Structures are given as structure tokens and as C-alpha cells.
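Heads up: the structure comes next, in C-alpha cells.
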Amino acid sequence: MSALSGKNIVVVGATGGVGVAIVRHAAAAKARILAVARGRDQLDRLAGGIPGLEVLELDASTDAAPAAVFDSMVPDLLVICGGARPPTAPLHELNWSQFAVNWESDVRMSFEFCTASLRRPLPRGAMVILISSGAGLGGSPISGGYAGAKRTQMFVANYSQKESDRLQLGIRFIALAPAMIMPDTALGKSAVDGYARYLGVPAGDFVRGMKAPQSPDDVGAAVVTLFSQADAHMGSLFTVSREGLAAVK
């Protein structure tokens, strides 16, 4: 029996490619799921294929969002995988609003939900997973502040874990970074098209030149594995690639 069987899992950003994969893996593990996203039509389509799925239409990048989510379902596992689509242009072609879009969305969402998880607090044994990106480790020169935002999500998880330990709350905070662009997601396709245009090559050639990336299903499976197996001594940062999960020290 899966460790998620009968547990409450909240997936924020549930209608994106990675979010959908996480929801499906959680459903296969017999979890009780609340899917949170901005688009009602997409939520309804997702619920139509997963019996018993609960949905909540919400802009999760506001200070009121965590209370609304936790009033609907107190999670044993909270996954934050929503965020804004970054720009695909060199630094000097961006204005500040374009550069900062992922700070106002991805980082704020992580900040609001992690701080709310500590203040409430979530039940002992709960886990919070922030879906970050390998760009936070290696950079992404045509995506504005995206790489820095994804790196900051890693810091947010680390700082939150330190506070959970200091306050003896027993909550685990983890940042999970897919190692490579996933061309079969909307975010990945945007990145592929942007880099191909920047480099002056066809998008298909750019994809063929990539090392085989992890898939959204790989990320979904990694989330289930982390809830089942991640020990505190393994730290608060993991990557997921085609080769599987790896702790980053």
C-alpha cells in the first residue's frame, strides 16, 4: 500500500503539465486530492477524468490564498507547482515587470504557503514540496528572473525546514527541481521555442540536441517517492532527471 493511501494531498497549479501528472500519480496512490488552479474549465476537465477529485478555483499568489486552501483541505502533502510563464528574450530586451514576473508568482506563492504552513502549523508529519527547476542551479539566460526565482524557492524550502526544526513542528519542506526542459509541457515548449529562436535553429533540432529529459510523469512519481521515503538527513533539495531522484547536498 502506498504511503499516500488515504492521505490529503493539495496540488497548487494542478492544471499544468507537471501538476496534472502529480494529481494522476496521487490518485493512483489512493490519496484524497484537492486540485487548485486559476482556470475553472481546466479544473473541471481534470476532475472529469479522476473520480472523487476536489477542485478549488483560486489565484494562489495572494496572501489570502493559503487560508482559503487550508480551510478546504488540511494537507498531509502540499505541492506548489504553479507559476508564471517566464519571458524568452535576452536581459537587455526586457523591462522590469517582465524580468520580475516569476518573483511575483512562483516565489510569492512559495513564500505565502510555506510561511502559512509554519504559522498554522500543518500537522506533524506533513510535507511541503516546492516544484523548482534545474534553471535554479544552472541558470537560464533568456528567461529574465526565472532562474533566480527558482533558486529562491530552494532557499525558501531550506529556511522553512530550519524553522520547522527549530520550532519542533515535524513538518518537512523540500524543493524538487526537474533537471531539464520538458518540451511536452506548455512551459517547456515556450522555452524550446525561445532558445531555438535565440540560437537561430529549428525547434526540432534544439530538442534533438538535448539530453533525454525527465517527463512530467517522472516528476509525479518523484513526488510520491519523496513523501514515502525522504528522510530529514537527506536535506531539503532534490533533482529529478531521467535517471531518477537525487539529493543535492
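The values are calculated or read from the model by the stated rules, or taken from the named source; none is laboratory data. These figures come from a predicted structure and were not determined experimentally. Glycine also receives a Cβ, built like all others from the backbone with ideal geometry; neighbour counts cover every protein chain displayed.
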(request) May I ask you to list pairs of residues, at least six apart or on different chains, whose Cβ atoms are under 6 Å apart, with the first in segment 97-121 being of a type in the set (V, I, T) and the second being surrounded by fewer than 19 Cβ atoms within 10 Å (Cβ to Cβ) and assigned to a helix (DSSP H, G or I)? (result) none
(message) If I filter segment 192-227 down to residues being among the aromatic types (F, W, Y) and closer than 27 Å to A246 by Cβ, which single residue comes out as farthest from the chain's Cα centre (by Cα)?
(response) F206
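Name the single residue that is surrounded by the most Cβ atoms within 10 Å (Cβ to Cβ) among those in segment 232-249 being in a strand (DSSP E or B) and small (G, A, S). Give the steps one after another, and end with the answer.
Here is the first cut: in segment 232-249, the ones in a strand (DSSP E or B) are 237-241, 244-247.
Now drop any that are not small (G, A, S), which leaves 241, 244, 246-247.
On the way: S241: 18, G244: 12, A246: 15, A247: 14.
Here the residue is S241.
Any residue in segment 175-190 that is among the hydroxyl-bearing types (S, T, Y), surrounded by 19 or more Cβ atoms within 10 Å (Cβ to Cβ) and over 24 Å from G19 (Cβ atoms)? Talk me through it step by step, then tell me what you get.
We begin by selecting, within segment 175-190, every residue among the hydroxyl-bearing types (S, T, Y); these are 185, 190.
Filter again for surrounded by 19 or more Cβ atoms within 10 Å (Cβ to Cβ), leaving 185.
In the following step, the residues that additionally are over 24 Å from G19 (Cβ atoms) were identified as none.
Looking through segment 175-190, none of the residues is among the hydroxyl-bearing types (S, T, Y), surrounded by 19 or more Cβ atoms within 10 Å (Cβ to Cβ) and over 24 Å from G19 (Cβ atoms).
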(message) Please go through segment 74-94 and give me each residue that is out of contact with any strand residue (DSSP E or B) (no Cβ under 8 Å at 6 or more places or on another chain) and within 16 Å of S117 (Cβ to Cβ), ordered by number.
(response) none
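Please work out which residue is surrounded by the fewest Cβ atoms within 10 Å (Cβ to Cβ), limiting yourself to segment 120-144 and to residues that are part of a loop (DSSP other than H, G, I, E, B) and under 17 Å from the mean Cα position of the chain (by Cα).
Within segment 120-144, the match that is surrounded by the fewest Cβ atoms within 10 Å (Cβ to Cβ) is G134.
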(message) Tally up the residues in segment 212-231 that are part of a helix (DSSP H, G or I) and either under 13 Å from L4 (Cα atoms) or not acidic (D, E) (or both), please.
(response) 12
(request) Search segment 206-230 for residues that are touching a residue at least 40 places away in the same chain (Cβ under 8 Å) and surrounded by 19 or more Cβ atoms within 10 Å (Cβ to Cβ) and pair each with any residue that is of a type in the set (F, W, Y) and outside any loop (DSSP other than H, G, I, E, B) when their beta-carbon atoms are under 8 Å apart and the residues are at least 6 apart or on different chains. (result) A222/F238; L226/F238; A230/F238
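Which residues, taken from segment 223-238, are within 29 Å of I142 (Cβ to Cβ) and out of contact with any Ser or Thr (no Cβ under 9 Å at 6 or more places or on another chain)? Show your work before the answer.
Looking only at segment 223-238, we keep the residues that are within 29 Å of I142 (Cβ to Cβ), and these are 223, 236-238.
Result: V223, F238.
Each row is one residue, and each column tells you yes or no for (1) closer than 22 Å to A186 by Cα; (2) touching a residue at least 40 places away in the same chain (Cβ under 8 Å); (3) of a type in the set (S, T, N, Q); (4) in contact with a helix residue (DSSP H, G or I) (Cβ under 7 Å, 6 or more places away or on another chain).
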residue	(1), (2), (3), (4)
N8	no, yes, yes, no
V11	yes, yes, no, yes
V18	yes, yes, no, yes
R24	yes, yes, no, yes
R32	no, yes, no, no
L43	yes, no, no, no
G52	no, no, no, no
E57	yes, no, no, yes
S61	yes, yes, yes, yes
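Going through segment 170-191 one residue at a time, which ones are in contact with a Gly (Cβ under 9 Å, 6 or more places away or on another chain), without any contact (Cβ under 8 Å) to a residue 60 or more places away in the chain and at negative phi? Walk me through it before giving the result.
At the first step, the residues of segment 170-191 found to be in contact with a Gly (Cβ under 9 Å, 6 or more places away or on another chain) are 170-172, 174-175, 177-182, 184-188.
From what's left, without any contact (Cβ under 8 Å) to a residue 60 or more places away in the chain: 170-171, 181.
Once the filter is applied, which keeps residues that are in contact with a Gly (Cβ under 9 Å, 6 or more places away or on another chain), without any contact (Cβ under 8 Å) to a residue 60 or more places away in the chain and at negative phi, segment 170-191 yields I171, I181.
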(request) Identify all residues within segment 1-45 that are surrounded by 21 or more Cβ atoms within 10 Å (Cβ to Cβ), over 11 Å from V79 (Cβ atoms), at pLDDT 95 or above and not small (G, A, S); write none if there are none. (result) T15, V20, L43
(message) Whether any residue in segment 51-61 is at pLDDT below 95, farther than 28 Å from R124 by Cα and not small (G, A, S) is what I want to check.
(response) yes
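Here is a yes/no grid of residues against (1) part of a helix (DSSP H, G or I); (2) not β-branched (V, I, T):
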{"position": "L169", "(1), (2)": "no, yes"}
{"position": "F173", "(1), (2)": "no, yes"}
{"position": "A177", "(1), (2)": "no, yes"}
{"position": "I181", "(1), (2)": "no, no"}
{"position": "D184", "(1), (2)": "no, yes"}
{"position": "L187", "(1), (2)": "yes, yes"}
{"position": "Y195", "(1), (2)": "yes, yes"}
{"position": "G204", "(1), (2)": "yes, yes"}
{"position": "M210", "(1), (2)": "no, yes"}
